[in-house]
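A short write-up of the structure that comes next.
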Amino acid sequence: MTTAHVTADTLQVRFTRREKIAGLVRDIDLPLAAIRDAQVVPDGLAATHGLRAPGLGLPGYRKIGTWRRPGHRTVVSVSRGRPAVQIAADHPRLDGLLLDVSDPEQLVAAIHGR
């Protein structure tokens, strides 16, 4: 499962080895100043929009990788039946994150409590 940790000025996102291989993703260090909003969504799979490029999508079960739509890139790692943290960002490499983490409410509180 993806892990995320908030430091003094950075959101550190760490993917497992399997996630990195399946979704062609890398660990992310996102400056907190680049985060516009963070919220918990009840269903991470339903909140994923766009086309997968690159990544892995197992319909109704798991999505990991980069989902794109015009002018928008979101790094996604979500599983069926789990809430996820949706993060909007102003960053040159990505516009958002959608992550299935162990405690989404705690992560959102840490981001807003910066």
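Summary of values
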quantity: Choice from Gly55, Gly44, Gly81 showing the highest fluctuation, given a GNM over the chain with Cα pairs closer than 10 Å; calculated: Gly81
quantity: Apportionment of accessible area to carbon and sulfur, the chain, percent (1.4 Å); calculated: 52
quantity: Most mobile of Ile21, Ile64, Ile87 in a GNM of the chain (Cα contacts under 10 Å); calculated: Ile21
quantity: Length added when fully stretched, Ala109-Ala88, from 0.36 nm per residue minus Cα-Cα; calculated: 6.1 nm
quantity: Positive-end residue, the chain charge dipole about Cα centroid, Cβ charges, pick of Pro83, Ile21, Thr10; calculated: Ile21
quantity: Solvent-accessible area of Thr7 with every protein chain in place, 1.4 Å probe, in Å² to the nearest 10; calculated: 50
quantity: Residue-normalised accessible area of the chain, expressed per residue, 1.4 Å probe, Å²; calculated: 55
quantity: Where Lys20, Lys63 fall by accessible area, highest first, once all protein chains stay in place (1.4 Å); calculated: Lys20, Lys63
quantity: Cβ charges +1 (Lys, Arg) and -1 (Asp, Glu), total dipole of segment 28-71, debye; calculated: 220
quantity: Additional length obtainable on full extension of the chain from Gln12 to Asp37, 0.36 nm per residue less Cα span; calculated: 7.4 nm
quantity: Local electrostatic count, Val75, Cβ distance below 10 Å [Lys/Arg +1, Asp/Glu -1]; calculated: +2
quantity: Dipole magnitude of the chain about its Cα centre (Cβ charges: Lys, Arg +1; Asp, Glu -1), debye to nearest 20; calculated: 560
quantity: Segment 7-97 - Debye-derived log10 I(q)/I(0), Cα point model, q = 0.12, 0.19, 0.24 Å⁻¹; calculated: -0.33, -0.88, -1.39
quantity: His49-Ser102 pseudo-label distance in nm [points 7 Å out on the Cα-to-Cβ vector]; calculated: 3.2
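The values are calculated or read from the model by the stated rules, or taken from the named source; none is laboratory data. Values in this document were obtained by computation on a predicted structure and should not be read as measured data. Positions of Cβ are generated from backbone atoms using ideal geometry, with glycine treated the same way; all protein chains shown enter the neighbour counts. For the accessible areas, the whole protein counts, side chains as well, though only heavy atoms, and no ligand, DNA or RNA atoms are used. Shrake-Rupley method; radii C 1.70, N 1.55, O 1.52, S 1.80 Å.
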